[in-house]
Amino acid sequence: MARSERSPLLLAGLLAAAGVTHFVAPKSYDATIPRALPGSPRAWTYGSGAVELALAAGIALPRTRRAAARAAAAFFVGVFPANVQMAVDWQQRPEPLRTAALVRLPLQIPLVLWARGVAHNVAHNKEGR
């Protein structure tokens, strides 16, 4: 399998794994939900996990890959406030946890670029046929 064919599947796998953890260990995600959002944090945790699973499925399927990859890029931007909330809230936690919360912030950039690249590759591959 060529690298360009694996990249979408790796992204789909990452999203699927993250989505599953929202249901398996929701408490840690609940703590990252910005307090300004209405409703219960658990509803947002489950909702974002479901979105990640749907995005994973969409990226895994060639027919929906381009739209799902674009949506994933937007999703990664959209969840950035939760990562900021986590970094703020975890300032009093032990050093490894504080560091992990801060490291998450710049990691959103490569995720957005990865998803955009997957969408671009789909468009580029269709034009080349």
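The values are calculated or read from the model by the stated rules, or taken from the named source; none is laboratory data. Computed from a prediction, not measured in an experiment: that's the story for all the values here. Methodologically, a virtual Cβ is constructed for each residue, glycine included, from the backbone with ideal geometry; neighbour enumeration extends over all protein chains shown.
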Out of VAL88, VAL84, I need the residue that is within 18 Å of LEU107 (Cβ to Cβ), part of a helix (DSSP H, G or I) and within 17 Å of the chain's Cα centre (by Cα). Which one?
VAL84
For the subset of segment 62-87 comprising residues that are touching a residue at least 40 places away in the same chain (Cβ under 8 Å) and of a type in the set (S, T, N, Q), which member is nearest to HIS120 (Cα to Cα)?
ASN83
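Let's see how each residue does on (1) of a type in the set (Asp, Glu); (2) under 17 Å from SER7 (Cβ atoms); (3) modelled with pLDDT of 95 or more:
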residue: ASP30; (1), (2), (3): yes, no, no
residue: LEU37; (1), (2), (3): no, no, no
residue: ARG42; (1), (2), (3): no, no, yes
residue: ALA50; (1), (2), (3): no, no, yes
residue: LEU53; (1), (2), (3): no, no, yes
residue: ALA57; (1), (2), (3): no, yes, yes
residue: LEU61; (1), (2), (3): no, yes, yes
residue: ALA69; (1), (2), (3): no, yes, yes
residue: PHE80; (1), (2), (3): no, no, no
Looking at this structure, is ALA119 closer than 20 Å to GLY13 by Cβ, under 12 Å from the mean Cα position of the chain (by Cα) and outside any loop (DSSP other than H, G, I, E, B)?
no
I'd like to check something: does segment 52-73 contain any residue that is assigned to a helix (DSSP H, G or I), of a type in the set (Asp, Glu) and loosely packed, with under 14 Cβ neighbours inside 10 Å?
no
Hits in segment 41-93 (condition: closer than 15 Å to TRP114 by Cβ and of a type in the set (Asp, Glu))
GLU52
